[in-house]
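For reference, the structure discussed in these notes is given below.
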Amino acid sequence: MKWTEYSNNLLKIHYYVCLMDVERIARLARVALSPEEISKFSKDMKEVLNMFRVLDDVDVSDTPITMHPVEVVNIVRPDKAGKSLSKAEIFSNEKNEEDGYFKGPKTLE
Amino acid sequence: MGALDKLEEKKDPEELITKTYSDAQHFDEKHNFMLTFNSLPSNYENFSGLVVSIKDCFTTSGLRTTAGSKILEDYVPVFDATLVKRLKASGAYILGKTAMDEFGFGTFSLNCAFKIPKNALDKKRVAGGSSGGAGVATQLLKEHPHVAIAESTGGSISNPAAFNGVFSLTPTYGMISRYGLIDYANTLDKPGVIASSLKDVAYVMDVLKGKDVKDPTSLNYEKSFMEALSNNSVKKIGVLSSYVSKVDDKKILSSFHDFVDFLNKEDYDVEEVSLTLTDAALASYYIIATAEASTNLAKYCGMRYGKEGDPEGKHFDEYFSEIRGKYFGEEVKRRIILGSFVRMAGYRDAYYLKALKVRTKVIEEFKSLFTKYDVLIAPTMPILPPKINDAEKLKPHEIYALDVLTVPVNLAGIPHINIPVKTNSSLPAGVHLIGNHLQDAELVSFGYWVEQHYKGIFQ
């Protein structure tokens, strides 16, 4: 098998994996998707990942990663207690307050 | 004539604010650029007369803040973003919150959970994105003492400025505090200014710049933009030919070449230069931006603030998925999927880590040019503002590709200005002036010189 054929086959497998992945990723990312959305995003992913293939041609051996574009000196502020929000302010956007606590879904069966 | 010039006429702040407010309400009926209006002050003692609109991704105490998303439709912050606090302390009146693509995800402001803003110059055309409301507001309110605060992750300031024919500055990453910003991608987000003159931009930058203990990535910047404004020191200019070659629109190319001719006639040392990583920068940006966005958006889950449901008896997986599926828009879900994918075990090295390394190379390429040139120039956008109907037909990857000229400079975190220029149509084009990290004041000074001397500025 020629390298180009091999490479194209790999790409097809890769795309197939991507199509299958949308449902799994949505579950991991905790976003409920409709079957129509899964199908649509699968097609979109294929086209966008194709756009990303341009990165294959960039040689990054020995190139470090850049997290922040400008060098950041990590300065922390003095460890002094400041003014906090009041309890009323903290709960002002909460609909499910119960006895002064945030009420959420259960995490244990 | 900019906002500062109007303030210098020394009219009564109450008259300036109330007139701007009522005209903004009037224009908004047709152009949909405001999401929420502030109330008018009860007294005007502490106001300068300057009116500032704020993109809806910055928190404003007591004023609804949605980031253009249904999931934050009812969110009323209890604190001001640092930039809002600084503006208020300077005597500015906050007009309200401008429309935007949901969480900043868009090129046209068509990914809005609420009303779609319409271009200030032609209601059938897009406003630009993601700070569409800010661009429209600035053009429509140019006869008033108004400036707009916007935010750019991959071009969201320059794009609507170009599409609506106004000036803008996207400063060096870290120049303005991000505290109180509803973030899209932390290592890319940059608050900035859209205005009808770069003199206004200089004034507002002096108010906003500088270290904030609440944002560890914010920078100290001692230079005064206003003092530097009339000291243009630019001599050598590089024309980014690799960017020009991305543009097919003859109107944009013609107006850009007119601008280059003008610089040549004014005795600047102008040379063509090229960058090799333009398309790679676009890919790198969309990987990094969606990776960061997918983690940032995890906090919207139906608890503490934002839209909630009834969690009683539900498992957290089911409850969170349901709320997020119901209230996030289509583009948000698409970017969460993409951003989660590029971070997954097995793909992380090939996509996310590679993108971070390509980012290093993109910055190195720019830095190498700045050893020879003071400023680089290119068209801001490869197209004129399209009709809304046409833009709606584009596929996601086609829309992402239109960001190719704005994304690299954002990925590198270097400052850039949009200069609105005339074309041989009724629509404006934009020219990007691009500077090195922390050369923001020098860049604004050069831009202001252009604003004063170039006859092709879009009015």
**Message:** Give me the extension gain from residue B:15 to residue B:236: residue separation times 0.36 nm, minus the current Cα-Cα distance, reported in nm with one decimal.
**Reply:** 75.1 nm
**Complete:** Given a Förster distance of 22 Å, the FRET efficiency implied by the Cβ-Cβ spacing of residue B:30 and residue B:390, rounded to the nearest 0.05, works out to 0.60
**Complete:** Note, region B:162-179: 3J(HN,Hα) by Karplus (6.51, -1.76, 1.60, θ = phi - 60°), whole Hz, Gly/Pro = x, goes 5, 5, 10, x, 9, 8, 7, 10, 9, x, 3, 4, x, 5, 10, 4, 9, 5
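Do the alpha carbons of any pairs in B:118/B:142; B:307/B:395; A:80/A:103 sit beyond 19 Å of each other, and which pairs?
Details: B:118/B:142 16 Å; B:307/B:395 29 Å; A:80/A:103 30 Å.
From the list (B:118/B:142; B:307/B:395; A:80/A:103), the Cα-Cα distance tops 19 Å for B:307/B:395; A:80/A:103.
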**Complete:** The aspartates and glutamates whose Cα lies under 13 Å from the Cα of residue B:314, excluding any fewer than 8 residues away in the same chain, are A:109, B:322
**Asked** So for the pair residue B:364, residue B:186, with labels modelled 7 Å out along Cα→Cβ, what separation do we get in nm?
**Response** 2.7
**Asked** Counting DSSP beta bridges with both partners in chain B, what percentage is antiparallel, nearest 5?
**Response** 65
**Request:** Sort B:94-102, B:234-242 for me by packing, meaning the mean count of neighbouring Cβ atoms within 10 Å per residue, highest on top.
**Result:** B:94-102, B:234-242
**Prompt:** On the first, second and third principal axes, largest extent first, how far apart are the outermost C-alpha atoms of chain B in Å?
**Reply:** 74, 59, 45
**Complete:** Excluding residues fewer than 8 positions from residue B:211 in its own chain, the lysines with Cα under 17 Å of it are B:85, B:190, B:223
**Item:** Cβ-based charge dipole, region B:1-126, positive-most Cα from B:77, B:40, B:112
**Value:** B:112
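Hey, can you rank B:27-34, B:429-436, B:390-397 by average C-beta count inside 10 Å, highest first? Display every interim value, and only then the final one.
Numbers: B:27-34: 19.9, B:429-436: 26.4, B:390-397: 14.9.
The packing order, highest mean first, is B:429-436, B:27-34, B:390-397.
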**Item:** Average other protein chain Cβ within 10 Å of Cβ, residues B:49-55
**Value:** 0
**Prompt:** Which entries in B:214/B:326; B:251/B:357; B:97/B:199 show an alpha-carbon gap greater than 29 Å?
**Reply:** B:214/B:326; B:251/B:357
**Request:** Would you kindly calculate the translational diffusion coefficient of region B:203-309, applying Stokes-Einstein with the Kirkwood radius from alpha carbon pairs, for 25 °C and a viscosity of 0.890 mPa s, and quote it in µm² s⁻¹ without decimals?
**Result:** 128
**Prompt:** For chain B, what is the mean residue ellipticity at 222 nm derived from helices alone (per DSSP H run of n ≥ 4: -39500 (n - 2.57); sum divided by total residues; nearest 500 deg cm²/dmol)?
**Reply:** -11500 deg cm²/dmol
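Let me make sure I get this right: for the protein assembly as shown, a, b and c are the square roots of the gyration tensor eigenvalues over alpha carbons, sorted descending. Under 1.5 in a/c it's rounded, otherwise prolate if a/b > b/c, else oblate. Which is it? Walk me through the numbers on the way to the answer.
On the way: a/c = 1.60, a/b = 1.09, b/c = 1.46.
It is oblate, given that a/c is not under 1.5 and a/b is not larger than b/c.
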**Asked** Straight-line reach from residue B:124: which lysines have a Cα under 18 Å away, not including same-chain ones fewer than 8 places off?
**Response** B:30, B:115, B:387, B:393
**Message:** Using the basic label-point model (7 angstrom from Cα toward the beta carbon), what is the residue B:226 to residue B:298 distance in nanometres?
**Reply:** 4.4
**Request:** Hey, for a label at residue B:265 modelled as a point 7 Å past Cα toward Cβ, could you say which residues of region B:359-391 have their backbone N under 20 Å away?
**Result:** B:377-379
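Relative to the Cα centre, what is the charge dipole magnitude of the protein assembly as shown, using +1 at the beta carbon of each Lys and Arg, -1 at the beta carbon of each Asp and Glu, and rounding to the nearest 20 debye?
Details: 69 positive and 76 negative charges, 115 e Å.
Roughly 560 debye for the protein assembly as shown.
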**Fill in**
Applying the gyration tensor rule to the Cα atoms of region B:3-232 (axes a ≥ b ≥ c; rounded if a/c under 1.5, else prolate if a/b exceeds b/c, else oblate), the class is rounded
**Asked** Which cross-chain or sequence-distant (5 or more) residues have an amide H under 5 Å from the amide H of residue A:102, H modelled 1.01 Å from N in plane?
**Response** none
**Request:** Report the relative contact order of region B:4-63, percent, no decimals, based on alpha-carbon pairs under 8 angstrom and at least 6 residues apart.
**Result:** 54
**Complete:** To the nearest 0.05, the calculated FRET efficiency linking residue B:89 and residue A:67 through their beta-carbon distance, R0 being 25 Å, is 0.20
**Asked** Looking at region B:125-166 from every direction and averaging, what is the projected area of its Cα convex hull in nm²?
**Response** 2.6
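With charges only on Cβ, +1 for K and R and -1 for D and E, what is the dipole size of chain B about its Cα centre, in debye, rounded to 20? Working shown, then result.
On the way: 53 positive and 57 negative charges, 136 e Å.
Charge dipole, chain B, about its Cα centre: 660 debye, nearest 20.
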**Complete:** One would report the antiparallel percent of DSSP beta bridges in the protein assembly as shown, rounded to the nearest 5, as 65
**Complete:** With 0.36 nm assigned to each residue of separation and the Cα-Cα distance removed, residue A:24 to residue A:39 gains 4.1 nm
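Where a number appears in this text, it was derived from the coordinates with a stated rule and is not lab data. This is a predicted model, so every value here is computed, not measured. In this analysis, Cβ positions are derived from the backbone assuming ideal geometry, glycine residues included, and neighbour counts consider all displayed protein chains.
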